[in-house]
Amino acid sequence: MPQANADDGSLTIRSVHFRDIDKLVSSSETEVVSAGQFTAGTKLPSYLQQMRKWYGPMQLLTLLPNPLQRQFAAFVAEKDHQVRGLIEASPFNRTRSTWRVDRVVVKSGQTGQLTLSLDAASQLLRHCFETIWEAHTWISETDIGDKFGLALYRQNGFQPLAHITYWSIAAEQLAQLAQHEPDLPNLLPVSNADAQLIYQLETVSMPPLVRQVFDHQIQDFKTNLVSAVGSQIGRWMRRTETVSAYVFEPQRKAAIGYFQLKICRDGGYPHAAKLTVHPAYTWLYAELMAQMAQIVQGFPDQSLRLASLDYQPERESYLKSMGAAEVEHTLMMSRSVWHKVRESKMVSLEGLHLPDVLQGLQPSGKPIPGRFSLHPRRASDSAPLPDCRSTELPPGFDDPAQPTI
């Protein structure tokens, strides 16, 4: 990929190389902006070790025509042969119209030089905006207490989209929830044939602005053969198991509830759940939570993590009532490529010579003033009216005082 230089020619942005990972690992002074739930539970050293481990296979896949060759994009900012920052982005949906910023890592340098870090991170973001032409919308997520991340995204045109709260349910609370038998007679497993129902449920459960930014399609909820094989390999390596199901409403022929549960089989880290409930069926929160609690009872005791957004007040109220703990608050932001355009030099109309440009509209001679009336006269009004004081009659009129011969 061609290199992109900064305006002053001192900062170069290029694709990531294997040697760049060692330079970032050895650096102890960094500013990290992660993407919340997209990289949850992955610290910077572990993240860089994973990049070093999978760099070779991923580069080998990019040389072959396969669906995984453009599943992520990574760039580094280099100055004086030293790596100043790294950015990683990936598509958020199957159509690749929305991309997310997964992680931004920049060297902070000396204490108090936050401006230099913001400049390098901003150039990395702008390089992604200009290089990844498929992206119509960008989303990011950062902690509400991360001043560096908030300043970075606001400086580059991101606007708040939703506030996210991450909750943790202890293993003891899950055991209590499992004692309740859920009333879910129409709980069905999820398959590709149900993608239409899950798509309708996801779109109806979010505000119009969030729906427009996410730009989900039906294919986003289908699993092809390559994705299924990759997911199975990932679950085998991470020792996880995924269980997903939805609640079907037979009268409306629609899905009214859905959950996806990622279970850790060795108890090394908490379980994770994604929960979606139709706004008109909020009573399903208790039933679906009891169902997930019963599923995790057959695995080592571990807490359960799930998220709620600010447009889901019923979910937050239910989690607070059951005693769930709030572990993190983040802010999701979005930026449209159509709203932030490259600044151009303003052209003043005073510099244009309009008489030279509009020659055909110039008058050919000096205009002569003339009389005009607002009410045009008709042809019948042009004849003079007869004078009533005159004894002469107009032609064609006979005098009634004279006898007709």
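The values are calculated or read from the model by the stated rules, or taken from the named source; none is laboratory data. Note that this is a predicted model, so its numbers are computed, not measured. No Cβ is skipped: glycine too gets one built from the backbone with ideal geometry, and neighbour counts run over all protein chains shown.
Some notes on this structure:
- The range 184-197, residues that are within 26 Å of Pro270 (Cα to Cα) and either at pLDDT 95 or above or touching a helix residue (DSSP H, G or I) at 6+ places or on another chain (Cβ under 8 Å) (or both): Leu184, Leu187, Leu188, Val190
- Per the listing Ala171, Ala135, the residue uniquely small (Gly, Ala, Ser), assigned by TED's automatic domain parsing to the domain that holds Thr330 and surrounded by 16 or more Cβ atoms within 10 Å (Cβ to Cβ) is Ala171.
- For Gln294, the conditions (1) outside any loop (DSSP other than H, G, I, E, B); (2) in contact with a Phe, Trp or Tyr (Cβ under 8 Å, 6 or more places away or on another chain) all hold with the exception of (2).
- Single condition Glu130 does not satisfy, out of (1) without any contact (Cβ under 8 Å) to a residue 60 or more places away in the chain; (2) more than 30 Å from Gln297 (Cα to Cα); (3) of a type in the set (Asp, Glu): (1)
- Checked against (1) part of a helix (DSSP H, G or I); (2) among the polar types (S, T, N, Q); (3) surrounded by fewer than 18 Cβ atoms within 10 Å (Cβ to Cβ), Asn93 passes all but condition (1).
- Test: residue in the range 176-183 that is outside any helix (DSSP H, G or I), within 30 Å of Arg335 (Cα to Cα) and more than 20 Å from the chain's Cα centre (by Cα): no
- Odd one out for Arg265 among (1) in contact with a Leu (Cβ under 7 Å, 6 or more places away or on another chain); (2) of a type outside the set (S, T, N, Q); (3) modelled with pLDDT under 95: (1)
- Inter-residue pairs, beta-carbon under 7 Å, first touching a residue at least 24 places away in the same chain (Cβ under 8 Å) and in the range 134-156, second assigned to a loop (DSSP other than H, G, I, E, B) and crowded, with 18+ Cβ neighbours inside 10 Å, 6+ apart: Ile139/Phe92; Ser140/Ala35; Ser140/Phe158; Glu141/Ala35
- Annotation: His278 fulfils all but one of (1) more than 17 Å from Ala245 (Cβ to Cβ); (2) surrounded by 13 or more Cβ atoms within 10 Å (Cβ to Cβ); the unmet one is (1).
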